[in-house]
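The values are calculated or read from the model by the stated rules, or taken from the named source; none is laboratory data. These numbers come from a predicted model, not from an experiment. Using ideal geometry, Cβ is built from the backbone for each residue, glycine included, and neighbour counts are taken over all protein chains shown.
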């Protein structure tokens, strides 16, 4: 009970999160709205109950009612914020022929297109010139043409039938892109050529966001004119202004591999550095009357200004809100205020947008800060140094270890890798990030003022360049060190949860030195080891044959125990793009050895025998067996020019499989023939990967 008294905001946060999760994963059991009024009435009665009922033994009633109330609030908020349930959502209007869409984000350049988020604001029904009001978000991909110019607030008109539902490819263990976008209220996307849309209007609905984006674009131009070099400019634009579109993919990989990717995404680290800078600058204010309040007000104002000039991205908004509550909480000057402030910021953010709970950045940010608050102080106390530099270094190492402990299970769950030299990385990148932020904004300020630019511009520009060069070189050096990254790590959701419980009870056992806590820790460790051993043995005893769905290509895999053989198109093999389809699936099945082949190399033996099942591969080569045989599966790939009616006179087969390498009209013709011949078929575009699983 004392725990809940010390951290009352958790009594609000935890049931709020549970209510959000219940509403998202179990939408059919949304709790009725009138129950909020009943609980509110009970809470009011309990708050103003007669003195005769105010006994300690029934205080728990108030706690239960408050928890249930916020569970319901989370449940109802999630339903209200789920745009698809709104009658104005475009998906609920089948009669609409054209949609009016407002561009809601700057265009980002992809390999074959320009991408933006669009807000549906209206539409036209067939043969009706009056627009109706509509709502909803979609992803827009514009054909990559040189003349395209699209700004935040531009409105375009498109045909409604151009929209396509966002679907996963259906391959085993792939990233669930559909669910990821669903948590952002995005259910459709559209690809537009230059003749598929017309600009109708321009209106900036959010003047603050418009000013924010324009300011960031202006500052990016200033950085671009400094001629820093491609790598240095890319890192500067990401680190200073939160714009990472100029980062080279190889450079991204180096930062990810060394454990420094967090500095390229403006988030808690950057806001924390800005906070420290101004906290030092405004330190004299705290010695005056009401100075602490003025100091906090100025810092909160400035970190929000920083959030604005970095484009007010979700990660910046989240981090700035978190720090604002921590700063306000520090004024209360209570031991538990930081934890309560952290919980309060999460409550405010989730009430504003319940779907934040599903964002990786939100999860990592709060876990990192929570771990630093909980783990860093006892770690710092393990050693004492009289030397100030050594003390600061020790504290920085303690912060790095604490943050890594708090985030590594989730990082492995999402990214499947661990940076082994994270302490060395943070010892280098955090001080350099501090220096680059100071130098970068000083340089931008100098270049923005012509009378200063001529005097100090070149010097500040050179300092910024060399700081960025040293940072990139250090990251490159760490990334090339032996065993810099442990890759191909795999945690299931339950593994991740158990590891977090393991960490929690290990820390509690070390802090309180109680046998009961140690027993719980050991029990969780045994459960984790036994469950993983069982799953590994279970997968080891299975064979898999998989025909993946790959757009415009073919990819086949069969595996025994922990070994795998993969066959693919030559073009897919040469581009090395096959990893994106295989990676998650092979990690899940603990594949540690893979042999890669191309279809060109197996034409002499295009019939595969998988555990007694014959799978015949038929493509343009038309290598039909001369002797009549019975096939379990006929696999059609790469648009063979055949008639199934004629083929059925030569071969007998139980099921036909068609993959993504075939053109739409060929697949459509084969399906018609299958229906007339009453032959079952499997289309990977509709059903996802075709998989056969055999156990020993």
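Somewhere in region 525-541, is a residue closer than 30 Å to residue 380 by Cβ, out of contact with any strand residue (DSSP E or B) (no Cβ under 7 Å at 6 or more places or on another chain) and part of a loop (DSSP other than H, G, I, E, B)?
As a first pass, look at region 525-541 and keep what is closer than 30 Å to residue 380 by Cβ: 525, 528.
Right, trim to out of contact with any strand residue (DSSP E or B) (no Cβ under 7 Å at 6 or more places or on another chain) and you get 525, 528.
Next cut, part of a loop (DSSP other than H, G, I, E, B) only: none.
No, region 525-541 has no match at all.
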Restricting attention to region 607-630, does a residue exist that is over 27 Å from residue 542 (Cβ atoms), under 40 Å from the mean Cα position of the chain (by Cα), surrounded by 12 or more Cβ atoms within 10 Å (Cβ to Cβ) and outside the structural domain of residue 170 (by TED's automatic domain parsing)?
-> yes
Among 480, 576, 565, the single one that is at pLDDT 90 or above and either outside the structural domain of residue 174 (by TED's automatic domain parsing) or in contact with a strand residue (DSSP E or B) (Cβ under 9 Å, 6 or more places away or on another chain) (or both) is 565
Of all the residues that make up region 111-131, how many are touching a residue at least 12 places away in the same chain (Cβ under 8 Å) and farther than 17 Å from residue 160 by Cα?
-> 5
Qualifying residue in region 94-111 (condition: closer than 30 Å to residue 549 by Cα, in contact with a strand residue (DSSP E or B) (Cβ under 7 Å, 6 or more places away or on another chain) and at pLDDT 90 or above) = no
Which one is nearest to the chain's Cα centre (by Cα) among residues in region 372-389 that are exposed (fewer than 10 other Cβ atoms within 10 Å of the Cβ) and not in a loop (DSSP other than H, G, I, E, B)?
-> 389
Filter pass, residue 403 being more than 29 Å from residue 307 (Cβ to Cβ), crowded, with 16+ Cβ neighbours inside 10 Å and either in the same structural domain as residue 498 (by TED's automatic domain parsing) or at pLDDT below 90 (or both) = no
Criterion violated by residue 357 - all others in (1) in contact with a helix residue (DSSP H, G or I) (Cβ under 7 Å, 6 or more places away or on another chain); (2) crowded, with 19+ Cβ neighbours inside 10 Å; (3) under 22 Å from residue 273 (Cβ atoms) satisfied = (3)
Mind checking which pairs have a first residue in region 173-199 that is under 26 Å from residue 691 (Cα atoms) and a second that is modelled with pLDDT under 90 and exposed (fewer than 15 other Cβ atoms within 10 Å of the Cβ), Cβ under 7 Å, 6 or more apart or different chains?
-> 173/588
